[in-house]
Amino acid sequence: MAVAYNLQIVENCLKCTHREQRLFCDLPHEALLELQKIKATSVYPKGTLLCLEGQPPRGIYVLCTGRAKLSTTSAEGKSIILRIAEPGEVLGLTAAVSNTPYEATIETMESSQANFISQEDFVTFLREFPEVGMKVARQLTHNCKCAYSEIRSLGLSNSVPEKIAKLLLHWAEHPLELGRRMNGEIPIRVTLTQEEIAQFVGTSRETVSRVLGDFKRRGYLRIKGATWNILNKPALENMVTT
Amino acid sequence: MTATTTQESLLNELYDGIPLEVRLELEKRERTRKTRQGETLLQHGLTPDKLTLLNSGRVEISVNSSGHEVVLGTAGPGKTFGMRRAITGEPAEITVTCLEECEISEIAVAEFQAVLRDNPQLYFVVAKVLSADLKIVDELLRSCSRRVSSAVRAKNVREV
């Protein structure tokens with residue numbers, strides 16, 4: 001198996017061991033054979049721009065490993081992170097399906113494998129295999145749900161500490177396995193910089209730094225590199241009003 | 001109860017680009033009626049049993065949580081509501097309220113799902129409808145720029 005950027009590259013979707021757990025990839029054999037024909041596998045280092053907001057759609061990326069951030073630019077020219085894509089997600093879907101420019105800039109947050117499918121091939125694939133259509137519809141409903149949740153959050157959160165508490169609680173839903181729940185602590189892996197967290201919650205890096213410092217002082221959180229430990233989940237939950 | 005005319009149906013995003021025979025199958029299952037101003041077509045948290053096609057009039061789309069209301073915008077003829085429910089069976093994320101008297105066509109979710117099963121090519125149109133919904137929400141996220149509480153405070157009604 002080839003290796004690049006410390007990633008083992010899975011070239012054959014039929015042999016991928018993660019397939020059944022992924023939103024898009026758990027397809028019938030015939031569809032997988034076709035997917036194998038039309039996709040191009042690539043590995044990208046951290047910080048690669050897969051597509052730019054406003055570009056005409058070229059196709060979609062199935063994110064196999066790694067994570068990617070979807071960001072856009074606000075009316076005020078600020079960068080806003082719309083969401084973080086996880087392995088198994090299809091990126092650029094809305095643009096490819098509706099044949100409109102990409103809605104967001106997509107950038108890898110860590111070394112990632114992604115399978116590219118051209119728009120033409122993808123639309124044909126979608127039309128020919130109903131299971132693909134169903135998966136795509138489910139992915140879009142999932143994305144809609146996340147976006148509505150985000151709208152609720154931005155409209156109803158009253159303070160930056162509350163929004164950061166919400167973000168931490170969201171990440172705590174997927175804790176690191178190692179040392180999980182040790183002493184009631186919840187270890188999570190955070191690869192976002194403070195600047196990116198600021199873009200995520202709509203504030204400045206300085207404010208994020210101040211709020212995290214406050215959380216640490218209060219004993220809610222311990223930060224060591226990319227591993228953060230949530231020490232007092234109930235206290236964070238109490239901060240969240242919606 | 002009347003069937004929607006073909007001219008009206010052509011306006012709806014659900015019927016844009018689907019084969020004629022599938023459109024006719026769906027039209028056969030439509031129940032068309034007038035609504036009154038203020039009538040709720042879709043209620044956040046509830047699971048609708050119908051797909052709603054807006055033929056005429058305008059509606060307001062909002063998100064509710066903990067008693068607050070965030071208005072996402074308004075929509076006019078051609079919009080379809082309830083698609084997420086038809087695909088996932090999940091409760092509605094939004095509330096849709098008629099701003100005036102509207103004409104709508106409704107298709108029972110179970111009947112829509114049956115047509116979908118028999119005509120899987122319809123999934124492409126479903127994906128287009130859902131993509132359009134997603135674009136609206138993403139655009140709102142962009143325009144709001146995550147200004148805390150701005151959506152609640154301003155109730156900034158935007159054209160959808």
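The values are calculated or read from the model by the stated rules, or taken from the named source; none is laboratory data. Quantities reported herein were computed from a predicted structural model and do not represent experimental measurements. Note that each Cβ is placed from the backbone with ideal geometry, even for glycine, and that neighbours are counted across all protein chains shown. We work out accessible area using only protein heavy atoms, side chains counted, and drop any ligands, DNA or RNA first. Shrake-Rupley method; radii C 1.70, N 1.55, O 1.52, S 1.80 Å.
Listed values, structure above:
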| item | result |
| --- | --- |
| B:Glu21/A:Lys78 FRET efficiency (R0 35 Å; Cβ-Cβ; nearest 0.05) | 0.10 |
| Inter-site label distance for A:Arg218 and A:Lys233 at 7 Å from Cα along Cβ, in nm | 1.8 nm |
| Sequence-distant residues sharing a close amide H with A:Cys64 (under 5 Å, placed H) | A:Gly88, A:Gln113, A:Ala114, A:Asn115 |
| Average Cα contact separation per residue, the stretch A:158-239, under 8 Å, 6 or more apart, as relative contact order % | 35 percent |
| Where B meets A: accessible area buried, both sides, 1.4 Å probe, Å² | 4000 Å² |
| Under 14 Å, Cβ to Cβ, from B:Asp49 - net charge with Lys/Arg +1 and Asp/Glu -1 | +2 |
| Averaged over A:131-138, number of beta-carbon atoms from partner chains that fall within 10 Å | 6 |
| Bins of 5 Å from zero: percent of alpha-carbon pairs in the stretch A:3-155 | 2, 9, 18, 23, 22, 15, 7, 3, 1, 0 |
| Gyration tensor verdict on the protein assembly as shown (Cα atoms; rounded if a/c is under 1.5, prolate if a/b is larger than b/c, oblate otherwise) | oblate |
| Simple spin-label estimate for B:Thr74 and A:Leu52 in nanometres, 7 Å along Cα-Cβ | 3.7 nm |
| B:Gln43-A:Arg205 pseudo-label distance in nm [points 7 Å out on the Cα-to-Cβ vector] | 4.9 nm |
| Mean separation of Cα contacts under 8 Å, 6 or more apart, over the residue count of the stretch A:3-155: relative contact order % | 30 percent |
| Aspartates and glutamates whose Cα lies under 12 Å from that of B:Lys28, excluding same-chain neighbours fewer than 8 positions away | B:Glu106, B:Glu111 |
| Phi to ³J(HN,Hα) by Karplus 6.51 cos²θ - 1.76 cosθ + 1.60 over the stretch A:2-13, Hz, x for Gly, Pro | 5, 10, 8, 6, 6, 10, 7, 8, 9, 7, 9, 4 |
| Partner chain coverage, peptide B:115-121 - average Cβ within 10 angstrom | 3 |
